[in-house]
Amino acid sequence: MVIAFFDSGIGGLTVLKSAIQELPNYNFIYYADTKNAPYGVKTKESVRKHVFEAVDFISKHDVRALVVACNTATSVVINDLRRNYNFHIVGMEPAVKPAVIKNRGKNILVLATSLTLKESKLESLICSVDKNNKTVKMEMDALVGFAESLDFNSGNVRKYIKEKLRGLQLAEFETIVLGCTHFVFYKKIIQEAVGDKIEVIDGNIGTVTHLKNVLSGHHVGNDNNGGNIFYYSSGVEVDQSRARKLTELMYFAG
């Protein structure tokens, strides 16, 4: 049996990296819906349609669990997925709770896509854990496009990040939460832009920890046969050259 990972593009590779390290006895498949990326600026109905098309394909495999390694897809459709499929489904959640637990009194900045920020799931999370109203939200939609273009360190990327953060009084913040898996590719640049007095965190380790807990009741043999399979939109398996590139990106992330 395999663990499946789904994302609108390459962002979920940042989560897959942690899962491979923590669960070495499993094989993995990774489905990137690159034809329909980015999700964060689409309508809810459009995202729901694309996600179900992808998970319908994934469900034809011998799947033990699916990780929806996309904050936008999780916020829109995770409950519907759990009602429709009989394998474990793990979603992404911005690391607001860990940020609040460690909060020393300053503000918390959540960076995410526009659709994630609009959805009630994130607002419910913030309301349930942040009783002191310290959370500020900001979209950084363009980072998804930069990542899908494999632009991780250009002058345009650095300029965009700097301009987005320019309007904030950074001295008022102590934590930045990366609420999109694509944003993890830019963690170091964001950290450089805000300085070392602000901690930049993401929800990847929390998601993998949840996945491990979900799988803890299952017997695990040495299922890993040394390979992971990558798919594009419509279930097209990537060729070996592209698979090697995606693997390189996975270990570059974070």
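The values are calculated or read from the model by the stated rules, or taken from the named source; none is laboratory data. Predicted, not measured: the structure shown is a model, and the values here were computed from it. All Cβ positions, glycine included, derive from the backbone under ideal geometry; neighbour counts span all protein chains shown.
Yes or no, residue by residue, for (1) touching a residue at least 24 places away in the same chain (Cβ under 8 Å); (2) under 23 Å from the mean Cα position of the chain (by Cα); (3) assigned by TED's automatic domain parsing to the domain that holds Asn71:
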site: Ser154; (1), (2), (3): no, yes, no
site: Gln169; (1), (2), (3): no, no, no
site: Ile176; (1), (2), (3): yes, yes, no
site: Cys180; (1), (2), (3): yes, yes, no
site: Val184; (1), (2), (3): yes, yes, no
site: Lys187; (1), (2), (3): yes, yes, no
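Which condition number does Gly167 fail, the rest of (1) of a type outside the set (Lys, Arg); (2) touching a Lys or Arg at 6+ places or on another chain (Cβ under 8 Å); (3) modelled with pLDDT under 95 being met?
So the condition that Gly167 fails would be (2).
Report, by residue number, each residue of the range 55-107 that is aliphatic (A, V, I, L, M), farther than 21 Å from Val236 by Cα and buried (at least 17 other Cβ atoms within 10 Å of the Cβ).
Val76, Val77, Ile78, Leu81, Ile89, Val90, Met92, Ala95, Val96, Ala99, Val100
When the range 127-186 is examined, which residues are found to be basic (Lys, Arg), under 22 Å from Ile10 (Cα atoms) and not in a helix (DSSP H, G or I)?
Residues satisfying the conditions do not exist here.
Tally up the residues in the range 99-116 that are in contact with a Gly (Cβ under 8 Å, 6 or more places away or on another chain) and either acidic (Asp, Glu) or not in a strand (DSSP E or B) (or both), please.
4
Residues are listed down the side, and each one gets a yes or a no for (1) without any contact (Cβ under 8 Å) to a residue 24 or more places away in the chain; (2) among the aromatic types (Phe, Trp, Tyr):
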| position | (1), (2) |
| --- | --- |
| Phe6 | no, yes |
| Gly40 | no, no |
| Glu45 | yes, no |
| His61 | no, no |
| Arg82 | yes, no |
| Glu93 | no, no |
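So in the range 134-170, with the set limited to residues that are touching a strand residue (DSSP E or B) at 6+ places or on another chain (Cβ under 6 Å) and β-branched (Val, Ile, Thr), which one is surrounded by the fewest Cβ atoms within 10 Å (Cβ to Cβ)?
Top of the filtered list is Val136.
Going by what's in this entry, would Thr113 be described as at pLDDT 95 or above, surrounded by 19 or more Cβ atoms within 10 Å (Cβ to Cβ) and in contact with a His (Cβ under 9 Å, 6 or more places away or on another chain)?
yes
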